[in-house]
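Peer 1: What follows is a structure written as C-alpha cells; I'll ask about it next.
The values are calculated or read from the model by the stated rules, or taken from the named source; none is laboratory data. Since this is a predicted model, take the numbers as computed values, not measurements. Glycine gets a Cβ as well: all are built from the backbone with ideal geometry, and neighbour counts include every protein chain shown. Only protein heavy atoms, including side chains, enter the accessible area calculation; ligands, DNA and RNA are left aside. Shrake-Rupley method; radii C 1.70, N 1.55, O 1.52, S 1.80 Å.
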Amino acid sequence: MGQACAVAQAQSTLITRIGELVTNEGDGSFAAITDAALVIQDGTVAWTGPAARAPAADAVVDAAGRAVLPGFVDSHAHLVFAGERSAEFAARMAGRPYQAGGILTTVAATRAASDTTLRANLRRLAAEMLRQGTTTFECKSGYGLTVADEARGLALAAEITAEVTYLGAHVVPPEFAGDVTGYVDLVCGPMLEACAPHARWIDVFCEEGAFGADEAAAVLAAGRARGLGTRIHANQLGPGPGIRVAAEAGVASADHCTFLTEADLDTIVSAPLVATLLPGAEFGTRHPYPDARRLLDAGATVALATDCNPGSSFTSSMAFCIALAVRDMRMTTQEAVWAATAGGARALRRTDVGHLGVGTRADLILLDAPSHAYLAYRPGVPLISAVWLAGRPAAGAAP
C-alpha cells in the first residue's frame, strides 16, 4: 500500500523489468516489447523501450517479469438496469421454454427502480469491470423506453463514463405494441431531445422482431442530425439488413455480426466498419459464435466487447471474452488481445486509449503472468494484479 501511495503522488513513474509490454504501436496490429520498461509522466505514457535503456523517474515499480498491457476497452455494455434474470438463463441452459418476458422483464424492473438503486448497480458493475482490467467502457440505455426513464438512465451513465449511448430503439415497449411507427417517432423526437444532452452515441437494434431497415435508418439519421455518433446492433439473430444500414449511415461499429452473407462481409471491409463481436452473448444463449477468422482473413477490423447485460451476457470480464474468442472464434491470442484493447478503441473512435504509445493515456494493466497469452491459456483465473488509470493506481496493488 505504501508503494502504491508513493506511485500515486509521484510526477513520473518508471515501470521496469516488464516481461512483455504490449504496446499495439505500429501498423495497426498487435505489437509487444520483451524485457521492457515504460515511463508515465503526468498521466500519459512518456517513454517505452528496453528496460536496460530506461530513463530515471520519480518512482519505480518493479514488474518482476510480469506482462503489462493497455487497459481493456469495452465498447458495448448495457449497465443501467434493475433486477436479474437468472431463472431465464437456467431454463435456457436446461432446454426448457421460459415465458417471463426477456428484455421487457428488465424494462419493468428498471422503470420501477429508484435512481439510487440504478446508480448503485451501475457503479458496482463499473467497479467490477475496473478490477478486471477494463479502463474504458461504453454504457447504453435501453431498459427504460420512456422519455423520462431513458433520460435518467443516460444521466446516470454519464456520471461514470464519457462513452454514453442512447438506445431508445432497443425494443418496442408494451404500451406501443402494434405501433412501431409511433414509437420510432417518439425515439426520434421528444425522447431524442431529452437524451441527446447526456449521450455521445445513438444505437438501434436492427433485427426481425425489433426494428427494420427503414426504422433503423430513421433512428440513426435523427441521432446524427442531433450531433450524435452512430452505432448499430446488426445480424445477431439471423441474416438481415443491419450491415447495409450501418454502411449507409456511416456507423462507427456494427455489433454482433453473427450471421453475415458474402455481401455483408464485403461491405464491412469496404465501408469500412468495425465489426464488434460479443462472444459472451453466444455463450449465454448457445447461439452460434460469429466467425472472427472469416472477418479477419477478409481484412476487417474486429473489436471484442462483453455486451454485459442481465439477459444474454451477464459478464463484465473482457478476459473471459478473449478466452472465448481464441477457443471458439478461431482468433489468435494476439488478435484477441488487440481486439479487446485497440479494437475497442477503434469502435469508439478513440486514439488516446487501447495502445501504449507516447502521449496516450497511461491506462494499463499488470498481469500476474509473463505473457498476454495467459488470458486465454488460464481461463477463469484472476490474472489482473494491478490497474492504472491515467497513470495512477486504481485497482489491485503495485508489486
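Peer 1: Output the number of the condition that Val73 fails; it satisfies all remaining conditions of (1) aliphatic (A, V, I, L, M); (2) over 22 Å from Glu282 (Cβ atoms); (3) surrounded by 20 or more Cβ atoms within 10 Å (Cβ to Cβ).
Peer 2: Looking at each condition in turn, Val73 falls short on (2).
Peer 1: Going by the conditions given, is Arg85 of a type in the set (D, E, K, R) and open to solvent by less than 50 Å² (accessible area, probe 1.4 Å)?
Peer 2: yes
Peer 1: Ok, one more. When you check Ala67 against the structure, is it within 20 Å of the chain's Cα centre (by Cα) and surrounded by 21 or more Cβ atoms within 10 Å (Cβ to Cβ), yes or no?
Peer 2: no
Peer 1: Here is a further query. Out of the residues in region 40-64 that are of a type in the set (D, E, K, R) and more than 18 Å from Gly359 (Cβ to Cβ), which is most open to solvent (accessible area, probe 1.4 Å)?
Peer 2: Going through the qualifying residues, I end up with Arg53.
Peer 1: Provide a single number: the residues in region 88-113 that are at positive phi and open to solvent by less than 50 Å² (accessible area, probe 1.4 Å).
Peer 2: The number of residues fulfilling the criteria is 2.
Peer 1: What are the residues in region 319-330 that are open to solvent by less than 10 Å² (accessible area, probe 1.4 Å) and of a type outside the set (Gly, Ala, Ser), if any?
Peer 2: Cys321, Ile322, Met329
Peer 1: So which residues in region 183-203 are within 24 Å of the chain's Cα centre (by Cα) and either in contact (Cβ under 8 Å) with a residue 40 or more places away in the chain or under 17 Å from Ala157 (Cβ atoms) (or both), if there are any at all?
Peer 2: Selection gives Leu192, Cys195, Ala196, Pro197, His198, Ala199, Arg200, Trp201, Ile202, Asp203.
Peer 1: Kindly establish whether Cys308 is at pLDDT 95 or above, buried (at least 24 other Cβ atoms within 10 Å of the Cβ) and over 22 Å from Ile243 (Cβ atoms).
Peer 2: yes
Peer 1: Still on this structure, please answer the following. Pairs only if they're at least six apart or on different chains, beta carbon under 9 angstrom, first in region 246-262 and over 14 Å from Leu277 (Cα atoms), second among the acidic types (Asp, Glu); list them, first residue then second.
Peer 2: Once the first residue is over 14 Å from Leu277 (Cα atoms) and sits in region 246-262, its partners that are among the acidic types (Asp, Glu) give Val251/Asp203.
Peer 1: Can you tell me which condition Ala222 does not meet? The list is (1) touching a Cys at 6+ places or on another chain (Cβ under 6 Å); (2) within 23 Å of Thr105 (Cα to Cα); (3) small (Gly, Ala, Ser), and all the others hold.
Peer 2: So Ala222 meets the others, but not (2).
Peer 1: Here is a follow-up. Taking region 114-155 as the region of interest, how many residues are of a type outside the set (A, V, I, L, M), open to solvent by less than 20 Å² (accessible area, probe 1.4 Å) and in a loop (DSSP other than H, G, I, E, B)?
Peer 2: Qualifying residue count, region 114-155: 5.
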